[in-house]
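Engineer: Sharing a structure, written as structure tokens. Questions coming.
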Amino acid sequence: MRLRLVPQETNIDFFKARKITFGASMILMVLSLVAWFAMGLNFGIDFRGGTTLRTESVNAVDVGAYRDAMQPLQLGDVAISEVFDPTFADDENVAMIRIQAQDEQESVTAETVAQVEAALQGVDPDIRFTSVESVGPKVSGELIQTAFLAVGLSLAAIMIYIWLRFEWQFSLGAVVALFHDVLLTIGIFSVTQMRFDLATIAALLTIVGYSINDTVVIFDRVRENLIKYKKLPLQDVMNLSVNETLSRTVMTSGTTLIALIALLVLGGDVIRGFVFAITWGVVVGTYSSVYVAKNIVLMLGTKRDWSKPDKTEGNQFANIDS
């Protein structure tokens, strides 16, 4: 007997509370923008600047012990990671320690570096510090611009792709949904003040890819049903399409969330921000594919087939009862 998370056939009216769901999404987008500009983001070392120390030891790297030893120094954002390389010898254990800039300075002072070295030597007397490198505010500012440019260009490329594959109405609906996902993720990072670094940007790009994949699946079914059911109202066609793909949506999102929640609980502090961003993104991305993207298409209307415009399927959003 096959396991089903949802019944084989469903008849859920996803437009029943469309004014509430769509209105709530727009309000949350505005609140996310307000939180972003009012509270700002808690930028990590990648964007704020700081110093990177490279250590080497014959003993295995204990990230937890390193972090506990540095805790009393109160250095703010500290990222510790072990470096793996197949060319390393068995007794060559390398770690990278990144410390944020202190008191608006471009880099960590020599006195602070000496304190870190003393603290870590208390954990591992054989530890050696092979290099110390600093990232100034100019480089950090360029990283911020490049990171947000990457997100913006990805949204633009997706908009063009959807436009070419479907119609401009679908393209606009998909991009609004993606903006919804990205803004809500930035908003939650602003409110919680979780560390925002290059790993978070990678998570945002992952969210964009995941969300658009789910949206395209629904849009494909909508296009098929628009051709198949030429007399069925646009709202009913969209409801039918979402119901037909609901099992796939729940199964994909559900299994992805199981893995992400396990990483969120057991993955540790190093990847917690990255995993949290993707977990949140999967939830809001699934929501926006169902409740945001198709509402935009319904408002703008679309044609019945891909050969000529349908003059009867114009702006129906205001004419369809809840």
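The values are calculated or read from the model by the stated rules, or taken from the named source; none is laboratory data. As the structure is a prediction and not an experimental result, all values here were calculated from the model. Ideal geometry is used to build each Cβ from the backbone, glycine not excepted, and the neighbour counts take in all protein chains shown. With ligands, DNA and RNA removed, areas are computed over all heavy atoms of the protein, side chains included. Shrake-Rupley method; radii C 1.70, N 1.55, O 1.52, S 1.80 Å.
Engineer: For segment 176-197, which residues satisfy the criterion of being open to solvent by less than 10 Å² (accessible area, probe 1.4 Å) and farther than 29 Å from A79 by Cβ?
Structural biologist: A177, H180
Engineer: Oh, and also: Only one of I207, I212 is under 21 Å from the mean Cα position of the chain (by Cα), at negative phi and open to solvent by 10 Å² or more (accessible area, probe 1.4 Å). Can you tell me which?
Structural biologist: Numbers: I207 fails: open to solvent by 10 Å² or more (accessible area, probe 1.4 Å).
Going through I207, I212 in turn, the sole match is I212.
Engineer: For the subset of segment 17-36 comprising residues that are without any contact (Cβ under 8 Å) to a residue 24 or more places away in the chain and open to solvent by 30 Å² or more (accessible area, probe 1.4 Å), which member is farthest from L183 (Cα to Cα)?
Structural biologist: I20
Engineer: Scan the strands (runs of 3 or more DSSP E) fully inside segment 67-184 and keep the ones with 3 or more residues being modelled with pLDDT under 85, under 19 Å from F196 (Cβ atoms) and over 21 Å from the mean Cα position of the chain (by Cα). Talk me through it step by step, then tell me what you get.
Structural biologist: Working: elements: 78-83, 93-100, 128-135.
Answer list for segment 67-184: 78-83, 93-100.
Engineer: Going by the structure shown, is T256 modelled with pLDDT of 85 or more and open to solvent by 40 Å² or more (accessible area, probe 1.4 Å)?
Structural biologist: Details: modelled with pLDDT of 85 or more: yes; open to solvent by 40 Å² or more (accessible area, probe 1.4 Å): yes.
Judged against the criteria, T256 is a match.
Engineer: Right, next: Mind listing just one residue for me: the one in segment 44-63 that is over 29 Å from the mean Cα position of the chain (by Cα) and of a type in the set (G, A, S) and, of those, surrounded by the fewest Cβ atoms within 10 Å (Cβ to Cβ)?
Structural biologist: This residue is A60.
Engineer: Could you check segment 37-65 and list, in sequence order, the residues that are closer than 20 Å to H180 by Cβ and not in a helix (DSSP H, G or I)?
Structural biologist: L41, the sole residue that qualifies.
Engineer: Do any residues in segment 57-72 that are more than 13 Å from M96 (Cα to Cα) have Cβ atoms under 9 Å from those of residues that are assigned to a helix (DSSP H, G or I) and β-branched (V, I, T), where the two are at least six apart or on different chains, and which pairs are they?
Structural biologist: A65/V123; D68/V123; A69/V116; A69/V123; M70/V116
Engineer: If you scan segment 153-175, which residues turn out to be under 13 Å from S288 (Cβ atoms) and either open to solvent by 80 Å² or more (accessible area, probe 1.4 Å) or of a type outside the set (A, V, I, L, M, F, W, C) (or both)?
Structural biologist: G173
Engineer: Picking from L263, L246, which residue would you name as being in a helix (DSSP H, G or I), surrounded by fewer than 20 Cβ atoms within 10 Å (Cβ to Cβ) and in contact (Cβ under 8 Å) with a residue 40 or more places away in the chain? Even if it seems obvious, please write down each step before you answer.
Structural biologist: Values: L263 fails: in contact (Cβ under 8 Å) with a residue 40 or more places away in the chain.
Result of the check over L263, L246: L246.
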